[in-house]
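Here's the structure we're looking at; comments come further down.
The values are calculated or read from the model by the stated rules, or taken from the named source; none is laboratory data. All figures in this text were calculated on a predicted structure; none of them were measured in a lab. No Cβ is skipped: glycine too gets one built from the backbone with ideal geometry, and neighbour counts run over all protein chains shown. Areas reflect the complete protein model, heavy atoms only, side chains present, ligands, DNA and RNA absent. Shrake-Rupley method; radii C 1.70, N 1.55, O 1.52, S 1.80 Å.
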Amino acid sequence: MTLDPDIDLPQMTPEPARRSGSILLVLLVAGAIVAAAVAFMTLGRANAQPYILGLLALLAMVGLFTLFAFAAGIIRFADRAADDPLMRPIADHAFDGIAVTDSGGHIVYANPAYLTLTGATSMQDVRPVERVFIGNPDVSEAVFRLLKAAREGKRQQEEVRVATADGTHGRWLRMRVRPLGAAKRQSKYAVWSVADITRDRERQEDVFQELRHAIEYLDHAPCGFFSVNPAGNLAYVNATLANWLDHDLAEIGSGGLKLTDIVSGDGAALLTSIVAAPGEVKTEVFDIDLRMRNGKTMPARLYHKLAFGADGVPGPSRTLVISRARDERGDPQRAAEVRFMRFFDHTPMAIATVDKSGTIDRANARYAKLAQSLSPDGAAGKSILAAVKERDRGQLSAAIAAAAEGQGDIAPVEVMLDGARERWGQFFVTAVEDDDHDVEAAIVYMLETSERRTLENQINQSQKMESVGQLAGGIAHDFNNVLSAIMMANDFLLNAHKPTDPSFQDIIQIKQNANRAAALVRQLLAFSRRQTLQPKVLDLGDTLSDIGMLLKRLIGEKVTFPGVVHGRDLWPVKADVSQFEQVIVNLVVNARDAMPNGGKLAIRTSNVPAAEVATLAYKGMPTADYVLVEVSDTGTGIPLDIVDKIFEPFFSTKDVGKGTGLGLSTVYGIVKQTGGFIYVDSRAGEGTTFRIFLPRHQAELEAPSAPAAVNGAAKEAAHAPKAPSTDLTGQGTILLVEDEEGLRSLNARGLRSRGYSVVEASNGVEALEAFDERNGAVDLVVSDVVMPEMDGPTLLREMRGRNPDLKIIFVSGYAEEAFDKSLPENQQFAFLAKPFALSALIAKVKETMAPS
């Protein structure tokens, strides 16, 4: 055991060590004990006994005190590694100052380097770090953080500058602190290290100054320079280029500018069109226009260097910019070159020079942008044939081959472009007057015609639908006259036969088939938007809820229909409730037929504000507030080749006898006549969604006026169902104007049978003559609308000029709105839609002639 107040240094690997202590001291103590024993033997047993007891007592006392000292820690057994000749010299001779402090902050070890750095001359003068720098305000905050880390048993590092007394020079110190070890006893101690890093800092300052000088040289070079990362952001722009473009350097490098912000037109596509080559470095030269901050352009030549990684991913570019503005003002030849460059890159046509195999030699910015949109892998940037669908490549290849042979007047080629969506382009190929056709055989100009073709298709479809609608409306009008005569004659037969007559059932069958024909005519009129509607303000949520049970019965048990999903606070719309219900029923029946093996039907409603409409891709629909009704199914879907025909009348994919082909055409006509829009989204095998947009009704936009209210009341009275009257007879003179002789005679016969006096006329001119012959003594005029020589609205104006209070009923197979606009404002009239039964005509006459 040895007395040793020092602490062993941490984390030193023990090596084989010699024994501690002195062997001579042990031999000397052993010799003294042996000599005392021999001396006691010479004295004799009796005389030596007191001395032996004294010696034993002395040894016992020494041993007892040693045990107490060991227990108190005054004496400890010496560590075999404590005097290791390798461990202590490592710490003593370290370049960095090392000190170990206990939990109270007292230094228990410090190497000579620490004494030197802190200015101590011996261990008695050594001070802990916080006391060394306590008066230096530049270091105190860093020392506080180090002390806090030492108390918490954490690691911490700080670099501080310590100024000299005169303030002219200073040292940079790196100070670190860490716990001695993880054991409980070691964790009470902290190891401090202090290193002088002044030379390292000076070298860093030198490197920084050299870098700053290099940046100054680059910034103030007579040419521009920029670097752009793969994301298209400008990572660096030198001061010269920033000054040319009038941009603030502070905006650059912080995500404030992109390549497209400083390159005019589609020029940025040229820089990003370089085909990837793994592991290679490519340098391309581009003549483009740069865009200044004020919107003006500056011609420039770019030497664009781009390095690709082993995986083909491009790194940041290195681009040298040479201004050609002086060339534009000075040298005429270079000015012409700049003008041609601008024409070449800013033309709306994509231009490329190709060899006879279609490989691209040069291309303008518009083609580079097109190629990137068609094939992200860069194939279209290598070969112009890759920009075209494979099925159409033969046409373009043949045109290029013809140009390579020197042919002129090559016909344009319009083909489908490659890519995920349908796009079209028209290619113009001209020959190059050059003997070396292996390099450049032709110049190819391309205009994208996708929007033009879409517009043409829409116009053709619209014209076709309008033509079919006019045809259907005309047929329906003429057919209505025939049906009216049939139904009127059928009513006479019913009145003349009793139910017991053998022919009575045949007459009933005629009536039923006439009604079926009338329903088909109404569908044709709905498609042509010439049917009579009775619009009123509706809450679509309530309307759809009312027909919910009907829809469930229509679709059957195989189709799942959880019910209508209503949007919140639906806006009101103005529509004919019965016609709107017909729209939903037709769509639901179509959805059911598209799911023969079962599926799911969904009906949803929601508000679509104008701001959202502006973002939709539906063409032809103006920006406004709408209420949306969606009808979706999970059925067979509609093939792409017939989706444009589904709204045409008599078009059907169902088997013969299972449909009229008027269901969707009726839907189309009703929605259009209501002022709404309908669109279909379908994929074969995935289902179909019909979206109906009905305009929001805003009552405040309808400013009622007194005369309009009167006319409206008259119209409403004309449409409103009346309770059946027991007495349909009457008296008075009725002027009946109808160009169809058979229908006119039947109507006159029916009216006369009810007690009225009837004057017949085949057109408006005859009606005016008959009116004048009787000096206006006519109680009611019943007139057709569409007639030769003079139509109904003109007849009304003439007669109201003679008798403003004259009552009139218009009858027509067209909708009331079809001729309402041609009438003078605030005119009162009643309306009866063809075809009609005799009872309907008599009831309308009785109602109109009744005193107001």
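Please turn the phi angles of the stretch 117-132 into ³J(HN,Hα) values with the Karplus equation 6.51 cos²θ - 1.76 cosθ + 1.60 (θ = phi - 60°), one per residue in order, whole Hz, x for glycine and proline.
Working through the residues one at a time gives 5, 9, x, 8, 9, 7, 5, 6, 8, 5, 10, x, 4, 5, 7, 5 Hz.
For the stretch 384-432, which trypsin sites (Lys or Arg not before Pro) are both in a DSSP coil and crowded by at most 13 other Cβ atoms within 10 Å?
Details: sites: Lys389, Arg391, Arg393, Arg421, Arg423; in loops: Lys389, Arg421, Arg423.
Answer by residue number: Arg421.
Each residue of the stretch 414-422 in order: what ³J(HN,Hα) in whole Hz does its phi give by Karplus 6.51 cos²θ - 1.76 cosθ + 1.60, θ = phi - 60°, with x for Gly and Pro?
For the stretch 414-422, the Karplus-derived couplings read 10, 9, 7, 7, 6, x, 6, 9, 6 Hz, x marking Gly and Pro.
Order the following by accessible area, largest value first: Phe340, Phe70. Probe radius 1.4 Å; ligands, DNA and RNA are ignored. Before the final figure, lay out each step's value.
Working: Phe340 125, Phe70 90 Å².
Output order, biggest surface exposure first: Phe340, Phe70.
With a sphere of radius 15 Å drawn around the Cβ of Thr347, what net charge do the other residues whose Cβ falls strictly inside it have (Lys, Arg +1; Asp, Glu -1)?
Working: positive: Arg339, Arg342, Arg362, Arg366, Lys369; negative: Asp266, Asp287, Asp289, Asp345, Glu448.
Summing Lys and Arg as +1 and Asp and Glu as -1 gives 0.
Would you mind counting up the charge near Glu766? Only other residues with Cβ under 9 Å from its Cβ, with Lys and Arg at +1 and Asp and Glu at -1. Working shown, then result.
Numbers: positive: none; negative: Glu760, Glu769, Glu789.
Computed value for this residue: -3.
Non-local amide H neighbours of Lys356 (under 5 Å, H modeled in plane, Pro and chain starts lacking H): which ones?
Ala441
Out of residues 5 or more away from Val564 or on other chains, whose amide H comes under 5 Å of its own, with H placed 1.01 Å from N in the peptide plane?
Amide H to amide H, under 5 Å and 5 or more residues apart or across chains, Val564 pairs with nothing.
Leu538's amide H: which non-local residues (gap 5+, or another chain) put their own amide H closer than 5 Å, with H modeled 1.01 Å from N in plane and none for Pro or chain starts?
Val573, Lys574, Ala575
Net charge around Asp246, counting only other residues with Cβ within less than 11 Å of its Cβ (Lys, Arg = +1; Asp, Glu = -1)? All intermediate terms of the calculation are to be shown ahead of the outcome.
Values: positive: Arg291, Arg293, Lys296; negative: Asp248.
So the environment of Asp246 carries a net charge of +2.
Note down the accessible area of Lys558, probe 1.4 Å, to the nearest 10 Å².
For Lys558, solvent-accessible area is about 140 Å².
Considering only protein heavy atoms and a probe of 1.4 Å, how much of the accessible area of the stretch 93-207 is carbon and sulfur, as a whole percent?
Ligands and nucleic acids excluded, carbon and sulfur reach 49 percent.
For the stretch 440-450, just list the computed ³J(HN,Hα) in residue order, Karplus coefficients 6.51, -1.76 and 1.60, θ = phi - 60°, integers in Hz, with x standing in for Gly and Pro.
9, 9, 7, 10, 10, 10, 9, 10, 6, 10, 4
Let me cross-check Asp539: its accessible surface, 1.4 Å probe, with only protein heavy atoms counted, in Å² to the nearest 10?
That residue has around 70 Å² of solvent-accessible surface.
Could you tell me which of the pairs Lys389/Lys600; Lys552/Lys672; Lys536/Lys558; Lys258/Lys382; Lys552/Lys834; Lys574/Lys844 are separated by over 31 angstrom between their Cα atoms in the structure shown? Write down the numbers at each step before the final one.
Values: Lys389/Lys600 37 Å; Lys552/Lys672 27 Å; Lys536/Lys558 35 Å; Lys258/Lys382 26 Å; Lys552/Lys834 33 Å; Lys574/Lys844 26 Å.
Long pairs (Cα-Cα over 31 Å): Lys389/Lys600; Lys536/Lys558; Lys552/Lys834.
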